[in-house]
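Heads up: the structure comes next, in structure tokens.
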Amino acid sequence: MFAVFKTGGKQYRVAAEDVLKVDKVKGEPGEIVEFGEVLVIGGDSVTLGAPTVAGATVAAEVLDQGRGPKVIAFKKRRRKNSRRKRGHRQEFTLLRITEILTDGRKPSKVAQPRQKRTPAPAPEQAADVAAAATAAAPEGEAAAAKAERPTARAASKAKKPAAKSGAKNAAKSKSQGAKSKPKK
């Protein structure tokens, strides 16, 4: 079963358990929101609305409230000494569609509690885990020896001479500049 609903001036075709990004909608992460402007309901038989399907709603769980990437609006008027630079980040809501409801029913699913993220292991613990993994592997010694060898990139960087000092570069560029422009 699918539905086409309208929110934020846009139309979305969704099915149960779809995850989609829409323009910002009020609601905290974990809450259930309902969209009543359903235009089409499909499945075995298709129901078209005129303009909307009576008694139909789409229920969705709010997963996250976020902001999109920054877009820079830069305007310049030539020869007028006029420039304007403005950044913008569009706000959005990430939704998971829970149910497509008909005949005026209410959503049966209650918002699930938000799962707490387990913190990543501390660097010491991560090193212990990595050491245990290399010790358990039969090629642990070979892998450790390979890791200690310098790479080709590191070796080539070590062979390059140090950069010239700033004074030498300035003197060199002055002398080159004089040579490149012959005097008439």
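What ranking, highest mean first, results for peptides 29-36, 59-66 when packing means the other Cβ atoms within 10 Å averaged over each residue?
With the highest mean Cβ count within 10 Å placed first, the list reads 59-66, 29-36.
Can you work out the PRE-style zone for Arg67? Point 7 Å along Cα to Cβ, and I want the residues of the stretch 87-101 with backbone N under 17 Å.
Taking a point 7 Å out along Cα→Cβ of Arg67, the residues of the stretch 87-101 whose backbone N falls under 17 Å are 87-94.
Which translational diffusion coefficient, to the nearest whole µm²/s, is obtained for the stretch 2-101 from the Stokes-Einstein equation, given a Kirkwood hydrodynamic radius over C-alpha pairs, 37 °C and 0.692 mPa s?
Once the numbers are plugged in, D ends up at 212 µm²/s.
Give the long-range amide H neighbours of Val25: residues separated by 5 or more places, or on another chain, with amide H under 5 Å away, using H modelled in the peptide plane at 1.01 Å from N.
Under 5 Å from the amide H of Val25: Thr93.
Using the structure shown, list the pairs from Lys6/Lys26; Lys10/Lys106; Lys26/Lys75; Lys6/Lys75; Lys24/Lys70 with a Cα-Cα distance above 22 Å, or answer none. Could you put the intermediate results ahead of the total?
Details: Lys6/Lys26 15 Å; Lys10/Lys106 24 Å; Lys26/Lys75 33 Å; Lys6/Lys75 34 Å; Lys24/Lys70 16 Å.
The pairs that break the limit, which is 22 Å between Cα atoms, are Lys10/Lys106; Lys26/Lys75; Lys6/Lys75.
Readers should treat all values here as calculations from the given coordinates under stated rules, not as data from a laboratory. From a predicted model like this one, the values you see are computed outputs, not experimental measurements. Cβ: placed from backbone, ideal geometry, glycine included. Neighbour counts: every protein chain shown.
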